[in-house]
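Undergrad: One structure coming up, written as structure tokens, with questions to follow.
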Amino acid sequence: MRLGRREFITLAGGVAGGAALGRVSLRGISRLNEALEPPSALYPGEEQWLRSICSLCSGGCGLKVRTVGGRVIKVDGNPIYPVNRDGICPRGQTLTQLIYHPDRILAPAHRSAIDQPWETSSWDQTLESLASTLRRLRGADQQNRVLMVSGRSRGLTSKLCSHFLSSYGSNHFFELPSGMETSQRALEFMAGIPNDGKAYRMAYDLENSRYILNFGCDLLEGWGTPAHTMRLFGQWRDIKRGRRTTLIHFGPRLSVTAARSDEWVPVEVGTLGAMALGIAFVLISEDLYNRSFVESFSFGFEDWTDRSGQAHMGFRRWVREEYRLSRVSEITGISSETIVRIAREFAAQPGSIAIGPQQSPVQPGRLSDAMAIQALNALVGSIGTRGGVSLIPEFGWPLPVADGNETMRTASLDGLVAVLDQSPEVLILDQAAWFIDSLDDAHLDMLNRIPLIVSTSPVEDATSKLATLLLPDCTSLESWTDGQSPSAYPYDLIALTPPVIPPRGDSRPWGETLLALARMTDPALESVYPWKDMESLYRASANELSRRENGYLFGTQVDEQWQRMLERSGWWNPDWTSEDEFWDGLVNKGGWWDPATWVSEPQHSFQTVSGKFEFFSQRLEALLREKGGIQPGLQPSVEWDRQILPHHADILPDNAPEGFEWTLDPYEPLVFFGGASRQIPFLQQITSPYSGPRGWRSWIEMSAEDAHRMGIEEDETVWVESARSRIQRRVRILEGGKPGIVGAPLGGAPTTGRWARVESTLAEILVPISDPYLGVRSHATTRVKIYKA
Amino acid sequence: MARWGMVIDLDKCTACQSCVVACQVENNVPSMTPEESLKGRNISWIKVVPFPEGSFPEAKIRFLPLPCMHCDDPPCVTVCPVDATNINEEGIVRQIFARCIGCRYCTTACPYTVRYFNWYEPIWPQPMEQAHNPDVSVRPKGVVEKCTFCHHRLQKARANAIAEDRAVVAPGEYTPACVESCGPKAMYFGDLDDPNSEVSDLSRSPRAFRLLEELGTRPKVIYLAEGERSGTTG
């Protein structure tokens, strides 16, 4: 406020008068201060550096936030957060644009139909309208007509979501796939998990890996936790660390990861499993595999006979007979020399690991491929070792309730679509733009038939476009936010940060909305969820955690080295002695972790039928018998072993219909990974580091060879037609891309808000391919033809 | 007197473009409307440029983060008729917006094409301007802008040094936003004249090269070429 002479005299008079009366009028002084405050351009306010956690993907990187005068100015990586230590991906940087987005939803609202205008209402009113529906359905014993789809696959709010749903009585909680499900499933079949009722997750010790065979994972785009992978990538190539970690990338598409790896091996589409088995062939034929592990701790490597006397083929003979180099070379399109060379390098040193296959919500990948890849890890003895792979207990924020049962979480798109067929009545979309991205028009029609769709999005997006009720969440910087070990991360970790700024407008943290909704739906739930807000819930949860006898509060890298040294000598020096100390430490340091979670010992006992690592998974056999209706005693055909052993199966038929000469490979680019970032202008401007269209449009990537042959120019619009439908896309030309392969990103222009643009979704043309053994979709690679629009 | 310079290790760069966004947020660079964006009018003081080499299967794509090179002999400074761009004693090529007359000689003279002209008044849809960095001025229509090595951060660091009675800015006290945000730690920043600094050490690496060195611009952004193991399989 600028101060004119007249106002100054009026104000000063007021204060002087007050002072003369013996008591200074507080209001007078504050008004005077306000008036004397220089214009904001000269004094923008106090500067603060605060900590928070990113919520733009499930990784949850630690943030260092600069605020000036209570406004968020800049977001960077938190140097003491173990996952990302300083660095941050471009998405985290754009939190400022999300917080101050012109299309933020700042108050709860409702509308009678999606073509009607929104009416804002109070939180109580809006929640009551949802709670009354929930009560009615419960009264009619139709709780299963309530669905929730969530993008937050980790953290306490996610637990609260699934627990709320289960105490309400619905079984339908769907979460964003972590992208590791298929690899984890394969490892569970082969290495087994303890039957102790606990949840387990697959983790890679990539920090210590020395030679990485990457079967298609977009490590530098939509995979795991981007800022963590980037940090690792820098470490792999850090000359000060000594020997370089070699990264070999297998995959048909010239992805950023392929371009940045040490070697790109452009295998044909859908042949990752065959490639892995070709490498296994060399390891076995040249006697390069880890004998001590394979001979003592594996099952099904040599031919064996089961209890009924039936002879079975061992993995060794299977690979030597079926995956000869000439055949693998023919399937994958890669020369035998290359396969031999890579296999020899892979076996040459400890710390070798095979990871993959790549998975995304529309392409969970094939179990048989994933098993072939895990078999490689067993052949070099990298299960549980330094730089290897292992299954470790899932660790996270405990929900401090008497009955900790949650609704079973499903991360399968197919499962979700099946439920949509059962006429649901309420669909709650919580950070679920990724889900809408995976749907085609027919599925969207199914959504449109649902009477009540609730969106929690803090900004207008694909979910708010479909919704008739808005319960706007705020961003992670405006609320208490937690973190927990992201997928594939090898250490136990939990983190917590208080709000950096108050919620904008009338938005509310979704966790608090849920607590209120629970109480309004059923007053009896008050005793289940006695917390008035998320802070008290975190406090109760942290009290449970404080009873752990391991781990440390976050510290610098020097602290980390010291703690590891202590642990190696069998010591543990706790940073806290009471619940209060733990809480204070947690909030001040930002989190707790155990840098000694990864044991780095070769795993020697396995929770499988044989107690060993199973190249022939007896659990998978039992499952397939059950599915195929085969009695335990009966012997199936001789083809039986082939289905159980890791194998290759073609995903696309050999003969393409005329004109459909390209194979479209959908993928998640870094900026749209996990959905939800379409509205952010800074991200739209950097959609891909390749040249070509400059954002705000969806695109496809074609090889320069194909583009020249077709006379297609950079940035030109083309039709992409599959057996199902056709869509328009702009073209990015990739110099050096593999001819015949077309990359297609999930995500694109915003579908709603001021920058909305109508575009057909990619899902419209995708033809899902099923996994023959699991019966669910595994791929969405699709034969297409491309012609100028 | 320091001579500020940057080293970018291309071997470690993941082409994530975190540096691009960090710079835009730090320096109040406006994001363009979709229409302007599609015309190629995005302003990014640092951009990641792909350099494809060879054709399939012997192809390789290199990615080069490209900020202002802060040349010791900058061609842009020579052509500026009003001294709106000059090089200071610490080697930072400055841009003084109040003096710029928008002639764009400098954008033409710069061989690295890292100078941007403001064709329009910047647009900040309400309330996006709330996130403006108060340390950096918002440029008006008609002036040229470019990377300043986050010069305002140097001023702050220097003010801190003076307040603490130190003669010089300590190593690591002054870091541009792009370097700070880099996930794989591929970017280094510091005093090239300090023989003990990491940047001067790296600038003497056998992998070090400068862009278009033959033009005699003497850039202070130094790249480290990729490691030995790089290739494609046929």
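Undergrad: Let me make sure I get this right: for the range A:444-502, a, b and c are the square roots of the gyration tensor eigenvalues over alpha carbons, sorted descending. Under 1.5 in a/c it's rounded, otherwise prolate if a/b > b/c, else oblate. Which is it?
TA: It is oblate, given that a/c is not under 1.5 and a/b is not larger than b/c.
Undergrad: Also, quick follow-up: Below 18 Å, Cα to Cα, which lysines can B:LYS12 reach? Residues fewer than 8 away in the same chain don't count.
TA: Qualifying lysines at Cα under 18 Å: A:LYS240, B:LYS47, B:LYS60, B:LYS185.
Undergrad: Rounded to the nearest 5, what is the percent of antiparallel bridges among the DSSP beta bridges in the range A:662-788?
TA: Close to 60 percent.
Undergrad: Where a ≥ b ≥ c are the square roots of the eigenvalues of the C-alpha gyration tensor, would you call the range A:156-208 rounded, which needs a/c under 1.5, or, failing that, prolate if a/b is larger than b/c, or oblate?
TA: Verdict is prolate for the range A:156-208.
Undergrad: Next up: What fraction of the DSSP beta bridges in chain A is antiparallel, stated in percent and rounded to the nearest 5?
TA: Percentage antiparallel, nearest 5: 55.
Undergrad: Counting Lys +1, Arg +1, Asp -1, Glu -1, what net charge surrounds A:LEU566 among other residues with beta carbon under 13 Å of its beta carbon?
TA: After counting each charged neighbour, the total is -3.
Undergrad: Treating the angle as unsigned and between 0 and 90°, give the value, to the nearest 10°, between the Cα long axis of helix A:336-347 and the longest Cα principal axis of chain A.
TA: Rounded to the nearest ten degrees, it is 60.
Undergrad: How big is the charge dipole of the protein assembly as shown about its Cα centre, in debye rounded to the nearest 20, if each Lys and Arg gets +1 on its Cβ and each Asp and Glu gets -1 on its Cβ?
TA: 1700
Undergrad: Based on the Cβ-Cβ distance of B:GLU164 and A:GLN557, what FRET efficiency does E = 1/(1 + (r/R0)^6) give at R0 = 35 Å, to the nearest 0.05? Each step should come with its number before you reach the end.
TA: Values: r = 26 Å, r/R0 = 0.73.
E between B:GLU164 and A:GLN557, to the nearest 0.05, is 0.85.
Undergrad: Can you figure out the FRET efficiency of A:ALA789 with A:ARG327, using R₀ = 30 Å and their beta-carbon distance, to the nearest 0.05?
TA: With R0 = 30 Å, the Cβ-Cβ based efficiency is 0.15.
Undergrad: Separate question: Restricting to Cα atoms and excluding each atom paired with itself, what does the Kirkwood estimate give for the protein assembly as shown in Å?
TA: Every distinct Cα pair counted, the radius reaches 30.4 Å.
Undergrad: Something else about it: Treating the beta-carbon of each Lys and Arg as +1 and of each Asp and Glu as -1, no other charges, what is the dipole magnitude of the range A:155-202 about its Cα centre, to the nearest 20 debye?
TA: Computed about the Cα centre, the dipole is about 80 debye.
Undergrad: Once you put a point 7 Å from the Cα of B:GLU58 and another 7 Å from the Cα of A:TRP572, both along the Cβ direction, what distance in nm separates them?
TA: Here the modelled spin labels are 5.8 nm apart.
Undergrad: Treat every Asp and Glu Cβ in the range B:4-224 as -1 and every Lys and Arg Cβ as +1, leave all other atoms uncharged, and give the resulting dipole magnitude about the Cα centre to the nearest 20 debye.
TA: For the range B:4-224, the charge dipole is close to 560 debye.
Undergrad: Rank A:PHE672, A:THR608, A:SER158 by how far each Cα sits towards the positive end of the charge dipole of the protein assembly as shown (+1 on Lys, Arg Cβ; -1 on Asp, Glu Cβ) and give me just the farthest.
TA: A:PHE672
Undergrad: Identify the residues of the range B:89-131 with backbone N under 19 Å of a label point that sits 7 angstrom from the Cα of B:ALA208 along the Cα-to-Cβ direction, or state none.
TA: B:90-93
Undergrad: Does the range B:4-224 come out rounded, prolate or oblate, given a ≥ b ≥ c as the square roots of the eigenvalues of its C-alpha gyration tensor, rounded meaning a/c under 1.5 and, failing that, prolate meaning a/b above b/c?
TA: Rounded shape, in that the Cα axes give a/c under 1.5.
Undergrad: Mind checking which lysines have their C-alpha under 19 Å from A:LYS198, skipping anything on the same chain fewer than 8 residues away?
TA: Within the straight-line limit of under 19 Å, A:LYS198 reaches these lysines: A:LYS159.
Undergrad: Then there's this: Can you pull the percent of Cα pairs in the range A:662-788 with separation above 26 Å?
TA: 20
Undergrad: Same structure again: How many angstrom lie between the C-alpha centres of the range B:55-121 and the range A:556-575?
TA: Cα centroid of the range B:55-121 versus Cα centroid of the range A:556-575: 49 Å apart.
Undergrad: Could I ask something else about it? Efficiency by 1/(1 + (r/R0)^6): what FRET value for A:ARG138 and A:ALA723, r their Cβ-Cβ distance, R0 = 51 Å, to the nearest 0.05?
TA: On the way: r = 44 Å, r/R0 = 0.86.
That pair, A:ARG138 with A:ALA723, gives E of 0.70.
Undergrad: Also, quick follow-up: So for A:ASP218, A:ASP580, fewest C-beta neighbours within 10 Å to most, what's the order?
TA: A:ASP580, A:ASP218
Undergrad: Another question, if that's okay. Tell me which of B:ILE101, A:LEU427, A:GLN484 sits at the most positive position along the dipole axis of the protein assembly as shown, charges placed on C-beta atoms (Lys, Arg +1; Asp, Glu -1).
TA: B:ILE101
Undergrad: Moving to a separate point now. Under 4.7 Å Cβ to Cβ, no partner at all: give me those cysteines from chain B, in residue order.
TA: Here B:CYS13, B:CYS16, B:CYS23, B:CYS71, B:CYS80, B:CYS100, B:CYS103, B:CYS110, B:CYS150, B:CYS182 come out as lacking a disulfide-compatible partner, given the Cβ-Cβ threshold of under 4.7 Å.
Since every read-out is calculated from the coordinates, none of them should be taken as a lab result. Owing to the predicted nature of the structure, the values given are computational and were not obtained by experimental measurement. FYI the Cβ positions are ideal-geometry reconstructions off the backbone, even for glycines, and counts take in every protein chain you see.
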